[in-house]
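Okay, so here's the structure we're looking at.
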Amino acid sequence: MRFAMQSRKSRATRLLWLLEMVIIVTSVLAASWLRFMRDEDSYQVFMEYALLRGMLVAVFITGAMAAFGLYQVHVRHNTMDFLLRLVLSFAMGAIAVLVLYYLVPQTYIGRGVLAISLALALLGVIVLRLLLQQVFHVEVFKQRVLVIGAGRSADNINSRLRRRSDRHSFTILGFLPLEGQPVLVREDLLVSAGKNGDLVNLVDRLEVDEIVVAPDERRGALPMEQILACVQQGVSVVDLSTFFEREAGMVQLNVVDPSWLVFSGGFDYSTPRRLSKRFFDLLAASVLLLLAWPLMLLTALGVLLDSGFPILYRQTRVGERGREFTLTKFRSMRVDAEKNGVAQWASKNDDRSTRFGRFMRKTRLDELPQLFAVLRGDMSFVGPRPERPHFVDLLNNEIRYYSVRHSVKPGLTGWAQLRYPYGASVRDAEEKLKFDLFYVKNHGLVFDLMILLQTVEIVLFGRGAR
């Protein structure tokens with residue numbers, strides 16, 4: 001039964017690939033008709049090898065889609081992530097097709113036909129994926145998950161991933177209690193391995209794809225030999241920390257331990273990654289400065305007319321590896337906002353903000369001068385929010401692993417800023433750290449691009465600003 005399920009998943013993936021191949025080939029044929037509809041002779045000549053040319057385009061595009069993870073059926077993509085990966089796939093596939101045309105001129109289909117076919121194919125693939133996801137709710141693409149453990153750790157799945165949207169890529173089949181450990185999961189969610197405790201039989205009966213190991217106490221509690229037998233049958237086994245990282249885009253602090261952070265991979269600080277991130281920072285900051293400098297002049301004038309000098313506000317923040325730097329922003333609060341010299345959290349409807357300052361915070365205009373910190377190298381375009389030394393000292397003492405976020409440069413925007421509202425307490429900082437650690441552990445160029453695009457929504461709708 002287990003292998004039958006795997007076979008169905010493989011067939012579903014191949015069917016999706018085949019349908020998208022058909023869409024791309026059909027798009028090439030439709031594009032050729034649109035391009036040569038008034039030139040019958042050219043159209044007849046083109047159509048002699050149109051099917052072969054369309055197949056080549058389809059192979060390159062779907063190959064790029066596979067490289068960007070769009071045929072990994074259990075990987076969860078939100079809408080923006082999916083669209084970004086799809087657009088990048090089409091861009092890379094188109095570049096590969098152009099290289100092929102240069103090497104083998106006989107395969108050339110023309111710039112007009114290629115451009116039209118890519119546009120039609122992109123639209124077709126988006127429509128197909130939306131139909132599969134929204135209309136048919138294809139269960140065969142969902143991971144069937146059995147959780148070993150039914151205590152406090154396991155119950156985190158029910159408390160943190162309780163909404164239907166949180167379980168887009170998996171289905172929880174049940175929680176298997178462990179002998180000698182407390183049971184906190186609801187009774188109707190529990191499953192039994194029978195009198196003999198035969199885990200292999202339970203996995204086969206429930207057609208389990210993945211086992212999530214979530215005990216409250218590991219020592220001597222896990223049936224390791226039976227788990228190994230399940231692995232040999234092709235069942236994936238992950239711990240709870242890895243499961244949360246994959247499905248929720250966070251590092252769950254109350255279940256993670258130092259050994260998991262050390263051995264679970266990620267934390268790419270290689271020279272190629274540093275160079276690509278620096279190039280991305282310089283390019284993004286330079287382009288935004290070129291576009292935003294008139295707006296910056298108007299913002300400076302607004303600060304001057306509303307509350308006078310000084311226009312800029314300078315503050316010490318903690319950056320990469322704990323080094324301090326000076327951050328510059330447009331002043332959004334009264335000059336005497338911290339007249340007692342004690343650092344304070346920003347709060348909702350903060351009465352220290354000026355009238356124009358509240359507008360700047362809502363639209364993030366006050367943060368534009370930070371672009372110069374990105375150019376200097378003190379900050380990155382994407383990364384954890386830089387905090388003040390007073391708060392860093394406080395949070396280092398209060399929150400485990402808080403210092404890990406300083407292993408990368410702080411950013412103008414970041415994963416935590418997208419996923420959690422503005423922090424104004426130790427508890428908020430702890431919640432945001434879950435997302436900051438996920439970014440620190442998994443940062444990459446595609447991830448940075450996704451965060452940058454999603455930030456546009458934050459700026460346009462003012463979500464999370466104070």
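Structure above, values below:
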{"quantity": "About the Cα centre, charge dipole magnitude for the chain (Lys/Arg +1, Asp/Glu -1 at Cβ), debye", "calculated": "960 debye"}
{"quantity": "Interchain or long-range residues, amide H under 5 Å from Val191's placed H", "calculated": "Phe175, Leu176"}
{"quantity": "More than 34 Å apart - percent of Cα-Cα pairs taken over the chain", "calculated": "49 percent"}
{"quantity": "Added length on full extension, which subtracts the Cα-Cα distance from 0.36 nm per residue, Leu161 to Thr326", "calculated": "55.5 nm"}
{"quantity": "³J(HN,Hα), Karplus 6.51/-1.76/1.60, whole Hz, each residue of region 301-306, x for Gly, Pro", "calculated": "5, x, 5, 4, 5, 7"}
{"quantity": "For Gly411, residues with placed amide H under 5 Å, excluding near neighbours", "calculated": "Ser380, Gly383, Arg385"}
{"quantity": "Full-stretch length increase - Val99, Thr171 - with 0.36 nm per residue and alpha-carbon distance subtracted", "calculated": "21.6 nm"}
{"quantity": "Order of Ser332, Ser307, Ser236 - criterion: other Cβ atoms within 10 Å of each residue's Cβ, fewest first", "calculated": "Ser236, Ser307, Ser332"}
{"quantity": "The chain: Lys pairs at Cα distance under 18 angstrom, eight or more positions apart or on different chains", "calculated": "11"}
{"quantity": "Förster radius 22 Å - calculated FRET efficiency between Thr79 and Asn254, Cβ distance, rounded to 0.05", "calculated": "0.15"}
{"quantity": "Label-point separation, Leu375 to His390 (7 Å along Cα→Cβ), nm", "calculated": "3.1 nm"}
{"quantity": "Separation between Cα centres of region 97-125 and region 195-225, rounded to whole Å", "calculated": "50 Å"}
{"quantity": "Ranked list, fewest to most other Cβ atoms within 10 Å of each Cβ, for Arg167, Arg274", "calculated": "Arg274, Arg167"}
{"quantity": "Antiparallel bridges, percent of DSSP beta bridges restricted to the chain (to nearest 5)", "calculated": "35 percent"}
{"quantity": "Hz values of 3J(HN,Hα) by residue in region 368-374 - Karplus curve (6.51, -1.76, 1.60), Gly and Pro given as x", "calculated": "4, x, 5, 4, 5, 5, 5"}
{"quantity": "Which of Met55, Met333, Met224, Met92 has the fewest Cβ neighbours within 10 Å, and the rest in rising order", "calculated": "Met224, Met55, Met92, Met333"}
{"quantity": "Gain in span if fully extended, Arg152 to Val262, counting 0.36 nm per residue against the direct Cα distance", "calculated": "37.2 nm"}
{"quantity": "Leu289 versus Val87: modelled label distance in nm, points set 7 Å from Cα along the beta carbon direction", "calculated": "2.4 nm"}
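Where a number appears in this text, it was derived from the coordinates with a stated rule and is not lab data. Not measured: the values here are computed from a predicted model. A quick note on method: Cβ atoms are made from the backbone with ideal geometry, for glycine too, and the neighbour counts reach across all protein chains shown.
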